[in-house]
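Worksheet for the structure shown next.
The values are calculated or read from the model by the stated rules, or taken from the named source; none is laboratory data. Model, not experiment: these values are computed from the prediction. Methodologically, a virtual Cβ is constructed for each residue, glycine included, from the backbone with ideal geometry; neighbour enumeration extends over all protein chains shown. When the accessible area is computed, the model is the full protein with side chains, heavy atoms only, and any ligands, DNA or RNA have been set aside. Shrake-Rupley method; radii C 1.70, N 1.55, O 1.52, S 1.80 Å.
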Amino acid sequence: MKLYKLSFALLLGIGAMTSCSDKLDVSDPNRQTSETFGNSADDLEECVIACYNHIRMEGTYARVGYNLDVTRGDEVWNSSQVWYMPFDDMNDPITDEINQWSWRDWYYTINVCNFILSRVTEENSTLSDRYKRIKGQALFIRGLAYYNLAGYYQNPALITDYNDYKTLDGLYASNYQEGDTDGNAQYDRVLDHVEKDFAEAMTLLPAKTVGGEWAKGRATSGAAAGYYARTLMMRHKYSEALAVLKDIMSTADGGNQLYGEYKLMAEFGDNFREGPEYENNDESIFEVQFLDLESQGTDDEWTPVNTSANATQGHAIESNYGPGDFGGWADLSVSPWLYNLFLSEKTTNGSLDPRLYWTVGTYEPAWDGYANGNVCYTAPMTAGNYVVTNNGYGGLPIAKNTNFRTNLYDKIVVGLHCGINLRLMRYSDVLLRAAECENEVNNGPTANAYKWINAVRNRAGLADIDQSKYNTADKLFEYIANVERPREFGCEFGRGFDLIRWGFFYSADRLQQLKEHAAVNFWTKANFDKGIYTYTPKDAVNYNGCSKSSFDTFKPGHEFLPIFQNTLTQNTHLVGNSANKDSNNASYFSGKGWTVHPVVNL
């Protein structure tokens, strides 16, 4: 079941747009306001749907809000050399309006969540099941919004009372308090509240199995628990996170039904296809709903202020990733490091890791007879005909979350038209996070850690992990962080969040490693045919002689995005973050007692 958007222009700025006082106070029953609307469960259900609608906007997950984190990682580089360039280069200027789009759209979302919560004020124990679900979803989506805002902007303004957002002044409440010395104090305050929202949502929402058809496409207790664990891990609360992750996994081990029942899909690729037989599947813990192409409207709707009843309700991730020769915008490509990481290990039957097929759009002899074979948007691929993302700079195409391999369409319909739901959290993430937490808590590998990693490896056809090779905390961490997670989640949202929580921006060795991972060589077929160079887009890149590496231009503090200067100018209560000031957050990280795992050559 998909969640369709409200055609009612609902509460887009529900409080920011309340009217001025009238001398004659007469209510128009055909024109509802924030005072007359929201006093019934039916009204609030419409608000909940509006919240879900907001998380599929330009600045949330439909394009920029998703890809800003993808470019922040080391698995992807900017092959257009234009769009997303400053984000990929980790030095976005404070005057770049694009970085404000995510800020804008998440605050629209928060506003509607706060409205719902202002209407459901009774003790949780006295609420009906329907109202528990309404409140739980509002808490989850607000937690999700602030999780993203903190992860992108470090010190966003924390607004939890709807009455503080009845004017735009409320939106820009202070993000500093007396005595704060840097933005990390607010970072902690925001994440404290994110933990609180997710923890409460866990107690109000039904498990996936209990929710049944209702739960398809909606937040459940399992989704809240998964994000609660993620938030705990952002600040190295590994013991607490591990307990939650174990509860999520308990059903797979024959335990309780606290959060629902999840399992890995037999086919990895089923997580990246559209259609009811693939979406909201047994592996999916939370995903953003988009309409399949043939079910969509015609109007691209990029921002929350658009209210077309005929919106496409698709996303533009595919447009950003798709090769120019097949109609894509050719913006982002897979790093050669990630591609070659897949080649470093074969399956037990001697074939390639099937995750490569769904992640990177390349021709491989191993794909003859596998899935839809060597295909690029229904066009057969051959060994000598390299399909690159951008004809001017080359680049290996990103196949994940596109129809590159699905054989459904012969070219990209650019704009907000891709109908593949974005799986923001999958059960494999729970398994690998649990293994990471287990390794941290016990200062070294355990049988459980190996077991959970093996579940992910075995689904891909790989043999059990070699325990003798990864027998220390540092070695297993290196494997999880720079082998298994990239192969499982390569080119998906979340890598930038991981690099921050691991402290990779605060270690010279780790920063050098990121530079090497992100190293690329520009490539054009014409120059290759002329013999000007002999390397191909697939070849591993020597950092010392590469065309570029995204992290060469990293500025301290720019692991976060700067708060847009116009926003700061117009709202003097706000203060810039570390990216605005080019200030280093290393002291915050070390001051918490956290350490960066040393680089281990595996």
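Anisotropy class assigned to the range 469-514 is oblate, per the alpha carbon gyration tensor with a/c at or over the 1.5 cut-off and a/b no larger than b/c. Rounded to the nearest Hz, the phi-derived 3J(HN,Hα) couplings of the range 495-511 under the Karplus curve 6.51 cos²θ - 1.76 cosθ + 1.60 (θ = phi - 60°) are 5, x, 4, 5, 4, 5, 5, 7, x, 5, 7, 10, 10, 4, 5, 5, 5, where x marks glycine and proline.
Can you bin the range 253-357 into rounded, prolate or oblate? Criterion: square roots of the alpha carbon gyration tensor eigenvalues sorted a ≥ b ≥ c, rounded for a/c under 1.5, prolate for a/b above b/c, oblate for the rest.
Oblate.
For the chain, the C-alpha radius of gyration divided by 2.2 N^0.38 Å, with N the number of residues, is 0.94. Applied to the range 203-216, the Karplus parametrisation 6.51 cos²θ - 1.76 cosθ + 1.60 on θ = phi - 60° returns per-residue 3J(HN,Hα) values of 7, 9, 8, x, 5, 4, 5, 6, x, x, 4, 4, 6, 6 Hz, with x for Gly and Pro.
Counting only protein heavy atoms and a 1.4 Å probe, the range 282-377 has 31 square angstrom of accessible area per residue. Summarising the amide proton neighbourhood of Tyr262: residues at separation of 5 or more, or on other chains, whose placed amide H is nearer than 5 Å comprise Ala252.
Over the range 32-145, give the accessible area per residue in Å² for a 1.4 Å probe, as an integer. Mind dumping the intermediate values first?
Numbers: 3100 Å² over 114 residues.
Value returned for the range 32-145: 27 Å² of accessible area per residue.
In terms of distances greater than 26 angstrom between alpha carbons, the cross-link table entries Lys400/Lys515; Lys263/Lys451; Lys216/Lys246; Lys451/Lys515; Lys246/Lys515 yield Lys451/Lys515; Lys246/Lys515. Neighbours of Asn340 by Cβ distance under 9 Å: Lys/Arg scored +1, Asp/Glu scored -1, total 0. So what's the angle, to the nearest 10 degrees on a 0 to 90 scale, between helix 427-441 and the longest Cα principal axis of the chain? The two axes meet at around 80 degrees.
Straight-line reach from Lys592: taking Cα to Cα under 24 Å and skipping same-chain neighbours fewer than 8 places apart, the lysines in range are Lys196, Lys237, Lys475, Lys555, Lys581.
Per-residue packing, averaged as other Cβ atoms within 10 Å, sorts the ranges 588-601, 448-461, 361-374 into the order 448-461, 361-374, 588-601, beginning with the highest. Counting only DSSP H runs of at least 4 residues, each contributing -39500 (n - 2.57), and dividing by the residue count of the chain, the helix-based mean residue ellipticity at 222 nm comes to -11000 deg cm²/dmol. Over all other residues within a Cβ to Cβ distance under 15 Å of Asp466, the charged ones net out to +1, with Lys and Arg as +1 and Asp and Glu as -1.
You can think of it this way: the chain between Ala383 and Lys451 has 20.7 nm of extra reach, that is 0.36 nm per residue less the Cα-Cα gap.
Peptides 183-190, 421-428, 433-440 ranked from most to least packed give 433-440, 421-428, 183-190, packing being the mean of other C-beta atoms within 10 angstrom over each peptide's residues. For the pair the range 344-375 and the range 387-422, the centres of their Cα atoms are 17 angstrom apart.
What the phi angles of the range 112-121 give under the Karplus curve with 6.51, -1.76 and 1.60, with θ = phi - 60°, is a coupling list of 5, 4, 5, 4, 4, 5, 6, 9, 10, 10 Hz, glycine and proline written as x. Of the residues Phe551, Ala316, Tyr108, the one whose Cα sits farthest towards the positive end of the charge dipole of the chain is Phe551 (charges of +1 on Lys and Arg Cβ, -1 on Asp and Glu Cβ, taken about the Cα centre).
Once you order the gyration tensor axes a ≥ b ≥ c over the Cα atoms, which shape class does the range 311-366 get: rounded for a/c under 1.5, otherwise prolate or oblate by comparing a/b with b/c? Verdict is prolate for the range 311-366. The modelled label-to-label distance between Thr95 and His573, using points 7 Å beyond Cα along the C-beta direction, is 2.8 nm. Once backbone amide H atoms are built at 1.01 Å from N, Leu424 has Phe286, Glu287, Val288 as its partners under 5 Å, excluding neighbours fewer than 5 places away on the same chain. The packing ranking of peptides 317-330, 204-217, 113-126, highest mean first, is 317-330, 204-217, 113-126, where packing means the average number of other beta carbon atoms within 10 angstrom of each residue. Can you pull the percent of the chain's accessible area that's carbon plus sulfur, 1.4 Å probe, other chains left in place? The nonpolar share, carbon plus sulfur, comes to 48 percent.
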